[in-house]
Amino acid sequence: VRPQPPRSCEDYWWEWRHCRGLRHAFHHYYAHGEMPACGRWREDYEACRAWERGRAAAAQVPPAPPSRPGSERQPKYAPVWTLRKSPPPDWYLPLDQDKPK
């Protein structure tokens, strides 16, 4: 028994159409500085259709990438400051904004 694709073929088609959309392309370019690579969604769609037609082993669709392509490429940055374990002891006191210096 050959495994079926992890998603329906319409899902791959919708992801490809969404990826090529103007709004998504603009947002991806703004966030990542490059246009999104949508070819993988089209290849997965075509492989899914080939699998539905002939159940060909060569047409098995690999696991789908995350729904936000490119998110795994973002570097993991260290925090800018150290995180506190508890609040400061005088957290409940008012701020000294109104006092003259």
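Quick check, is residue 61 part of a loop (DSSP other than H, G, I, E, B), of a type outside the set (Lys, Arg), open to solvent by 90 Å² or more (accessible area, probe 1.4 Å) and at pLDDT below 90? Give the derivation first.
Values: part of a loop (DSSP other than H, G, I, E, B): yes; of a type outside the set (Lys, Arg): yes; open to solvent by 90 Å² or more (accessible area, probe 1.4 Å): no; at pLDDT below 90: yes.
Against the criterion (part of a loop (DSSP other than H, G, I, E, B), of a type outside the set (Lys, Arg), open to solvent by 90 Å² or more (accessible area, probe 1.4 Å) and at pLDDT below 90), residue 61 does not qualify.
Name the residues in region 25-38 that are open to solvent by 30 Å² or more (accessible area, probe 1.4 Å) and farther than 24 Å from residue 6 by Cα, would you?
Filtering region 25-38 for residues open to solvent by 30 Å² or more (accessible area, probe 1.4 Å) gives 26-27, 29-35, 37.
Residues satisfying the conditions are 26, 27, 29, 30, 31, 32, 33, 34, 35.
For residue 10, are the conditions met, namely being within 28 Å of residue 54 (Cα to Cα), over 15 Å from the mean Cα position of the chain (by Cα) and assigned to a helix (DSSP H, G or I)?
Taking the combined requirement at face value, the residue satisfies it.
Of the residues 41, 91, which single one is open to solvent by 100 Å² or more (accessible area, probe 1.4 Å) and modelled with pLDDT of 85 or more?
Working: 41 fails: open to solvent by 100 Å² or more (accessible area, probe 1.4 Å).
The match here is 91.
Can residue 36 be described as in a loop (DSSP other than H, G, I, E, B), modelled with pLDDT under 85 and within 14 Å of the chain's Cα centre (by Cα)?
Values: in a loop (DSSP other than H, G, I, E, B): yes; modelled with pLDDT under 85: no; within 14 Å of the chain's Cα centre (by Cα): yes.
When the stated conditions are applied, residue 36 does not pass them.
Exactly one residue out of 71, 86 is at pLDDT 90 or above and polar (S, T, N, Q): that is 86. Of the candidates 31, 56, the single residue that is at pLDDT below 85 and among the hydrophobic types (A, V, I, L, M, F, W, C) is 56.
The values are calculated or read from the model by the stated rules, or taken from the named source; none is laboratory data. Not measured: the values here are computed from a predicted model. For accessibility, only protein heavy atoms count, side chains too; no ligands or nucleic acids. Shrake-Rupley method; radii C 1.70, N 1.55, O 1.52, S 1.80 Å.
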